[in-house]
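**Q** First the structure, which I've put down as structure tokens, then a few questions once you've had a look.
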Amino acid sequence: MLGAKVYREEAEKHRKILLDMGVLDINFKIAYDGDYILLPLKEEIKGYNIVDYNFLPIEKRKTSLRDALSKKIPSSYLLKLRAFDTIGNIALIQLDDELIPYKNVIGEALLELNPSIKTVFRKDSIEGEYRVPTIELIAGECETETVYQEFGVRILLDISKVYFSPRLSQERKRIASLVKKDEIVLDMFCGVGPFSLMISKRAEPKRIYAIDINETAVYYLKKNIVLNRCENIIPIIGNSRNEIKNIESPNRIIMNLPHSASDFLSDVFSTYHKSKVHFYSVSEDISFVKKKIIEEGKRHAKKIDFIFERTVKSYSPHSEIYCIDFDFS
Ligand code: SAM
């Protein structure tokens, strides 16, 4: 779901503006994310930092998490409470250092307020080649496997063994809406397959090649192909750097490996004559990412045409995850 991310101090002003414009979705709860507030929107609106977030329906939570914790945690610490993610019946919350001593209290409050949530994990940094988060159980049953749903796609996954973010759902829908009939799509870093599954379900591609180096991610992708009846997805375990050489020329390439996708540009440019690319990258400034694409394109005598760009989500106080769509030929 779409949300407008605004500074906490300015939240009330923006809430009123968005309400007056009729774009604030009053059926959903406002969410907190450190120094920011996320305001649920009915539709995308210009002039705002738009993010993807699973807002909780109002009726599901009679009391906000902050209210529930107000007598249990010092109010200055409460302001540090960030937005949590729900993946199926699992909640994942990142806690600032001050809040870690209260982790179990926070976990129990989350369980109490959200009957559909059975398990709460504290999420720490996302590390390593497989981009798997370090997690710690803070309340509920110790179950790491769950089924997440978005736009009619069901995704089975184990949050302790694979990467997954519910905050990219709108982005996946956007990409699926661009795919034309009979396209060949390459999902170079597919994880459990959220992009591939969404495209297979909502568009009519001929084939989708979905590669991941994490064997467990591809194990879940295979299960999800069956679960969603997406027979045109070809799952491949391996390093994309090598695997793409054995794949027919795609019309569209998804490069969702924000920390190091640029290291793979050279492989893509040297393997294929032309294609459309959806490129995700973490950076302090989108111009750095575009510069890197242009430089790499030049090295391979490729013409680069930028088509679209957007901030997908914030990554740290000073960096964002950007998506840049471009053609190369
Ligand atoms: N696209 C998926 C999604 O949206 O959930 C996963 C994105 S996650 C940021 C990046 C994925 O790339 C991880 O699942 C990781 O295992 C995989 N990966 C990392 N290096 C890789 C490589 N060299 N070749 C193939 N997959 C790789």
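The values are calculated or read from the model by the stated rules, or taken from the named source; none is laboratory data. Given the structure is predicted, the values throughout are model-derived calculations rather than measurements. Glycine gets a Cβ as well: all are built from the backbone with ideal geometry, and neighbour counts include every protein chain shown. Only protein heavy atoms, including side chains, enter the accessible area calculation; ligands, DNA and RNA are left aside. Shrake-Rupley method; radii C 1.70, N 1.55, O 1.52, S 1.80 Å.
**Q** Viscosity 1.002 mPa s, temperature 20 °C: give me the Stokes-Einstein translational D for segment 114-193 in µm²/s, with Rh taken as the Kirkwood radius over C-alpha pairs.
**A** For these conditions, the coefficient is 146 µm²/s.
**Q** Still on this structure, please answer the following. Of Phe151, Phe279, Phe164, which is the most mobile in a GNM of the chain whose springs link Cα atoms less than 10 angstrom apart?
**A** Phe151
**Q** Now for a different question. Heavy atoms only, probe 1.4 Å: what % of the accessible area of segment 97-208 goes to carbon and sulfur, would you let me know?
**A** 46
**Q** Go ahead and estimate [θ] at 222 nm for the chain from helices alone: -39,500 (n - 2.57) per DSSP H run with n ≥ 4, summed, over the residue count, rounded to 500.
**A** Counting only the DSSP helices, I get -7500 deg cm²/dmol.
**Q** Could you give the dipole magnitude of the chain about its Cα centre, charging the beta-carbon of Lys and Arg +1 and that of Asp and Glu -1, in debye to the nearest 20?
**A** Here the size comes out at about 760 debye.
**Q** Moving to a separate point now. Quick one: putting +1 on the C-beta of Lys and Arg, -1 on the C-beta of Asp and Glu, what dipole do you get for segment 237-329 around its Cα centre, in Debye to the nearest 20?
**A** The dipole of segment 237-329 has a size of about 220 debye.
**Q** What distance in nm separates the two pseudo spin-label positions at Asn246 and Thr63, each 7 Å out from Cα along the beta-carbon direction?
**A** 5.7
**Q** Assuming a viscosity of 1.002 mPa s and a temperature of 20 °C, what translational diffusion coefficient in µm² per second does Stokes-Einstein assign to segment 187-329, Rh being the Kirkwood radius over Cα pairs?
**A** 137
**Q** Also: Which FRET efficiency value, to the nearest 0.05, is calculated for Glu129 and Asp285 with the Förster distance at 30 angstrom and r the Cβ-Cβ distance?
**A** Between Glu129 and Asp285 the formula returns 0.70.
**Q** Once both axes come from the Cα atoms, what is the angle between helix 103-113 and the longest principal axis of the chain, in degrees from 0 to 90, rounded to 10?
**A** Compared with the principal axis, the helix lies near 90 degrees.
**Q** Restricting to the chain, compute how many DSSP beta bridges are antiparallel as a %, nearest 5.
**A** On the way: 49 of 69 bridges.
Of all bridge pairs located within the chain, approximately 70 percent are antiparallel.
**Q** With every protein chain left in place and a probe of 1.4 Å, what is the accessible surface of Arg15, to the nearest 10 Å²?
**A** 70
**Q** Turning to a different aspect of this structure: Fully extended, how many nm does the chain gain between Glu10 and Glu295 (0.36 nm per residue separation, minus their Cα-Cα distance)?
**A** Contour length minus the Cα-Cα distance gives 98.7 nm.
**Q** Working out 0.36 nm times the residue gap between Thr271 and Ser316, then minus their Cα-Cα distance, what length gain in nm do you get to one decimal?
**A** Between Thr271 and Ser316, full extension yields an extra 12.8 nm.
**Q** With a 1.4 Å probe and all protein chains in place, put Ser75, Ser275, Ser70 in order of accessible area, largest first.
**A** Greatest to least solvent exposure: Ser75, Ser70, Ser275.
**Q** Once ligands and nucleic acids are excluded and a 1.4 Å probe is used, how much of Tyr102 is accessible, expressed in Å² to the nearest 10?
**A** Answer for Tyr102: close to 60 Å² accessible.
**Q** Right, next: In nm, give the distance between the simple-model label positions of Ile45 and Thr144, each being 7 Å from the Cα along the Cα-to-Cβ direction.
**A** 4.1
**Q** Expressed as an acute angle from 0 to 90° and rounded to the nearest 10, what is the orientation of the C-alpha long axis of helix 215-228 relative to the principal long axis of the chain?
**A** The two axes meet at around 90 degrees.
**Q** May I ask you to compute the full-extension gain from Ser75 to Ser177, defined as 0.36 nm times their residue separation minus their alpha-carbon distance, rounded to one decimal in nm?
**A** Values: separation 102, 0.36 × 102 = 36.72 nm, distance 4.39 nm.
Difference between extended and current length: 32.3 nm.
**Q** Further, regarding this structure: State in Å² the accessible area per residue of the chain; use a 1.4 Å probe, count heavy atoms of protein chains only, and round to the nearest integer.
**A** Normalised by residue count, the accessible surface of the chain is 47 Å².
**Q** For all pairs of alpha-carbon atoms in the chain, what percent lies in each bin of width 10 Å, listed from the first bin to the last filled one?
**A** Calculated over all Cα pairs of the chain, the distribution is 5, 25, 33, 24, 10, 2, 0 percent.
**Q** With the full set of protein chains in place, find how many percent of the accessible area of segment 19-59 is carbon and sulfur; take the probe as 1.4 Å.
**A** Values: 1080 of 2160 Å².
Carbon and sulfur together cover 50 percent of it.
**Q** Once neighbouring chains are kept in place and the probe is 1.4 Å, which whole percent of the accessible area of segment 210-329 is contributed by carbon and sulfur?
**A** 49
**Q** Enter the accessible area of Cys142 (Å², nearest 10), with the probe set to 1.4 Å and all protein chains included.
**A** Surface accessible to solvent at Cys142 totals approximately 100 Å².
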